[in-house]
Amino acid sequence: MALAAALRRLAPVALGAFPRRTTAVTLGCGSRLAGTRRLSAGTQPLRSDNKVTIHFINRDGEKVTVKGSSGDTLLDVVINEDLDFDGFGACEGTLACSTCHLIFDEEVYKKLGRVTDEEMDMLDLAYGLTETSRLGCQICLTKSLDGMVARVPESVTDIRQSKDETA
Amino acid sequence: MAVLYNFTSACMKNFGGSSFNRQLFCVFRTFHKSAASGDVLGISEERAITPPDVAEETRVKSLREMPGPSTLANLIEFFWRDGFSRIHEIQLEHSKKYGKIFKSRFGPQLVVSIADRDLLAQVLRTESIAPQRGNMDSWKEYRDLRGRSTGLISAEGEDWLRMRSVLRQLIMRPRDVAAFSDDVNEVVDDLVKRICVLRTQQSDGATVLNVNDLFFKYAMEAVAAILYECRLGCLESEVPQETQDYIAALHLMFSSFKTTMYAGAIPKWLRSIIPKPWEEFCDSWDGLFKFSLVHVDKRFAEIKAQLEQGEEVRGGLLTHLLVTKQMTLEEIYANATEMLLAGVDTTSFTLSWATYLLALHPHVQEQIFTEIMTTLGPGRVVTANDVQHLPLIRALVKETLRFFPVLPANGRITQDDLVLGGYFIPKGTQLAMCHYSTSLDDENFPEALDFRLDRWVRKDTTDHVDNFGSIPFGYGIRSCIGRRIAELEMHLSLTRLIQKFHIGLSPVTDDVKAKTHGLLCPGAPINLQFIDRE
């Protein structure tokens with residue numbers, strides 16, 4: 001238990017500290033390796049007109065309004081703003097799980113851009129899948145998404161807890 | 001439910017799940033019924049609020065009540081009748097006989113098998129941040145003995161999470177892995193050339209004997225190109241000596257798999273009497289590590305030289321790891337070793353099965369060929385970015401892995417007490433997730449024994465397959481880290497092979513069945529004909 005708690009603390013730290021764009025190196029496209037670039041958008045001061053407002057509806061049905069930067073993913077926003085959605089984004093946006101599953105209004109869903117095959121494969125395994133579900137790690141913010149609502153679906157653990165409570 | 005759950009776990013703790021527990025439970029239920037109807041017997045509120053019929057339905061059963069083969073039957077099946085090579089079939093038999101959740105004993109080890117997609121989903125969706133697969137003590141012991149680090153397969157807990165966090169950022173995102181497309185394609189060029197050489201050695205001028213041998217070399221070459229940033233020459237006519245040595249070490253690892261797997265389970269005091277399994281285990285690891293050390297050190301020396309010359313360092317995965325120092329050198333050795341080990345046989349077996357299935361189903365092969373002609377034409381070389389326009393190639397890999405999941409079962413050790421399929425599973429229980437059984441279950445895949453790509457082709461982006469039945473790479477935080485690399489290697493090679501050749505069964509190939517040898521592999525050589533298209 002103590003270990004689990006320690007790991008939970010460790011995870012966001014590790015994520016934040018790790019430069020998100022390491023691809024330059026793997027691509028072999030000539031970036032200098034010695035000074036690895038830091039591209040964590042959250043740490044850079046950005047002009048306010050690049051900010052996009054997002055309303056998250058958490059698992060308790062409460063609205064949490066935050067701002068993210070254009071180009072960030074919704075998972076980046078959740079991490080940067082330290083939003084407490086238990087178990088959200090377990091694989092750190094590497095398309096190995098579907099814990100950053102979010103549900104959108106149809107209007108917004110249409111504006112979210114192309115779904116890749118790999119994202120669809122992961123959505124297949126998402127809990128409580130809907131027709132307007134996407135993975136937060138694959139949604140990049142643009143100005144046109146300003147004011148969007150993203151609902152965090154119930155997790156398996158929530159369902160079990162509520163069943164236990166009613167029993 | 002909550003009350004009952006607490007009560008059962010309390011009983012389990014106090015009485016160790018003995019039959020006494022069951023008796024007590026019956027007593028409790030009888031008492032409970034009268035209490036509920038009597039209403040005022042000074043029963044605690046907790047008890048009174050649970051209606052008796054709910055208690056009847058949702059009573060959590062103990063492990064003791066779980067069905068499963070007897071210890072003796074299992075012992076005979078596995079050690080006497082060599083069940084290890086048929087472990088996938090036994091899994092299927094047992095799940096039919098005992099149900100979707102059953103227990104087995106392997107000596108002192110109790111294993112709870114899960115052959116139900118919903119239960120699998122429950123386990124995988126609720127797992128912690130650092131899931132544990134199984135007991136890796138023997139792997140760890142070797143590493144301690146030699147002063148080596150653990151890698152992603154053998155590490156647990158915080159060590160595992162730290163390394164996983166570094167590596168997944170490099171090789172798990174599809175768009176990052178797409179950057180290796182050209183490197184892999186160079187290896188595919190060599191694969192095609194090698195096929196052309198090999199088939200001239202046969203009297204029909206078309207047959208390649210034992211295609212797995214070929215695909216083994218392809219997979220090894222491709223993984224090395226990505227992992228070590230160098231070519232090994234596996235697909236040349238003369239394979240370099242150090243590569244041959246590595247292949248020998250790998251074969252030793254797998255040929256003695258049965259014994260080595262249990263090398264750690266054999267009590268240490270027995271090693272002086274039966275020393276061979278543990279010695280072979282250590283020897284094969286020595287060989288595997290040695291190979292990685294050579295290649296990692298070589299690259300490290302190159303980087304040092306470049307830096308001393310004031311040159312800009314450019315490179316791929318290994319360069320990144322060596323330069324950024326997010327892991328120690330020992331950790332890099334260990335992960336390079338374990339990733340190469342994990343990335344060769346798995347890919348080659350799947351490619352062998354895929355080409356075998358294509359040969360068995362020529363009409364499916366023609367459909368894919370048509371798709372390739374429409375998308376690429378006869379001459380254009382497929383790249384990672386083209387794969388999204390080749391749904392049948394993706395479906396081919398998925399359907400092949402459904403038929404022959406390379407890991408027929410995967411393990412988890414429960415990190416919390418949980419209730420699974422109505423049974424109380426205490427923390428620390430070894431679970432076996434029976435992927436082979438769920439993949440071939442008609443409930444999950446209608447007409448499961450039919451080879452059908454259309455199961456995997458989506459009509460549109462909202463067309464989903466709600467299915468944990470076939471998850472060959474696993475799911476979640478401890479899923480296969482090489483998944484995207486393996487997919488790239490398979491998509492690029494299979495597309496090119498179908499584009500270039502008609503793949504047919506060689507007359508010298510019989511019906512090939514699967515056998516388990518650690519992994520699910522072809523039980524006999526697969527010999528195929530590669531006949532030029534055009």
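The values are calculated or read from the model by the stated rules, or taken from the named source; none is laboratory data. All figures in this text were calculated on a predicted structure; none of them were measured in a lab. As a convention, Cβ positions derive from the backbone with ideal geometry for all residues, glycine included, and neighbour counts pool all protein chains shown. Heads up: the accessible areas ignore ligands, DNA and RNA and are worked out on the full protein's heavy atoms, side chains in. Shrake-Rupley method; radii C 1.70, N 1.55, O 1.52, S 1.80 Å.
Tabulated values for the structure
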quantity	calculated
Residue tally, condition touching a Cys at 6+ places or on another chain (Cβ under 9 Å) and more than 30 Å from residue B:82 (Cα to Cα), over the stretch B:474-529	4
Subset of the stretch B:117-139 that is within 30 Å of residue B:280 (Cβ to Cβ) and not small (Gly, Ala, Ser) - its residue that is farthest from the other protein chains (Cβ to nearest Cβ)	B:139
Tally of residues being open to solvent by less than 50 Å² (accessible area, probe 1.4 Å), outside any loop (DSSP other than H, G, I, E, B) and hydrophobic (A, V, I, L, M, F, W, C) across the stretch B:452-508	12
Of residues in the stretch A:116-141 being open to solvent by 20 Å² or more (accessible area, probe 1.4 Å) and within 15 Å of the chain's Cα centre (by Cα), the one farthest from residue B:460 (Cα to Cα)	A:140
Residue that is in contact with a helix residue (DSSP H, G or I) (Cβ under 9 Å, 6 or more places away or on another chain), within 23 Å of residue B:386 (Cβ to Cβ) and either free of Cβ contacts under 8 Å to residues at least 40 places away in the same chain or not polar (S, T, N, Q) (or both), where the choices are B:322, B:351	B:351
The one condition in (1) within 12 Å of chain A (Cβ to nearest Cβ); (2) at positive phi; (3) free of Cβ contacts under 8 Å to residues at least 40 places away in the same chain; (4) not polar (S, T, N, Q) that residue B:460 fails to fulfil	(2)
Out of A:123, A:112, A:74, sole residue that is aliphatic (A, V, I, L, M) and more than 14 Å from chain B (Cβ to nearest Cβ)	A:74
Any hit, the stretch A:22-31, residues being more than 14 Å from every other protein chain (Cβ to nearest Cβ) and modelled with pLDDT under 95	no
Residue in the stretch B:469-477 that is β-branched (Val, Ile, Thr), within 14 Å of chain A (Cβ to nearest Cβ) and under 30 Å from residue B:373 (Cβ atoms) present	no
Lone qualifier among B:120, B:191 - being closer than 22 Å to residue B:405 by Cβ and in a helix (DSSP H, G or I)	B:120
Pairs, first in contact (Cβ under 8 Å) with a residue 40 or more places away in the chain in the stretch A:128-145, second surrounded by fewer than 22 Cβ atoms within 10 Å (Cβ to Cβ) and among the basic types (Lys, Arg), C-beta under 7 Å, six or more apart	A:145/A:111
Number of positions in the stretch B:342-394 that are away from chain A (no Cβ under 14 Å) and outside any loop (DSSP other than H, G, I, E, B)	33
Whichever residue in the stretch B:126-167 is assigned to a helix (DSSP H, G or I) and open to solvent by 60 Å² or more (accessible area, probe 1.4 Å) and, among such residues, is farthest from residue B:331 (Cα to Cα)	B:137
Among (1) modelled with pLDDT of 80 or more; (2) surrounded by fewer than 22 Cβ atoms within 10 Å (Cβ to Cβ); (3) assigned to a helix (DSSP H, G or I) - the single one residue B:237 does not satisfy	(3)
Residue list for the stretch A:100-115, restricted to those being open to solvent by 10 Å² or more (accessible area, probe 1.4 Å) and free of Cβ contacts under 8 Å to residues at least 40 places away in the same chain	A:106, A:107, A:109, A:110, A:111, A:112, A:113, A:114, A:115
Number of the condition not met by residue B:391 [criteria: (1) free of Cβ contacts under 8 Å to residues at least 60 places away in the same chain; (2) closer than 26 Å to residue B:486 by Cα]	(1)
Output for the stretch B:284-321, where each listed residue is more than 14 Å from every other protein chain (Cβ to nearest Cβ), over 24 Å from the mean Cα position of the chain (by Cα) and not aliphatic (A, V, I, L, M)	B:290, B:295, B:297, B:298
Selection from the stretch B:339-358 of residues that are surrounded by fewer than 22 Cβ atoms within 10 Å (Cβ to Cβ) and more than 15 Å from residue B:216 (Cα to Cα)	B:357
Matching option when the condition is on the phi < 0 side of the Ramachandran plot, surrounded by fewer than 20 Cβ atoms within 10 Å (Cβ to Cβ), in a helix (DSSP H, G or I) and of a type in the set (Gly, Ala, Ser), among B:219, B:178	B:178
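Quick grid of which residues meet (1) assigned to a loop (DSSP other than H, G, I, E, B); (2) within 21 Å of residue B:485 (Cα to Cα):
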| position | (1), (2) |
| --- | --- |
| A:90 | yes, yes |
| A:95 | yes, yes |
| A:98 | yes, yes |
| A:103 | no, no |
| A:108 | no, no |
| A:113 | yes, no |
| A:120 | no, yes |
| A:129 | yes, no |
| A:134 | no, no |
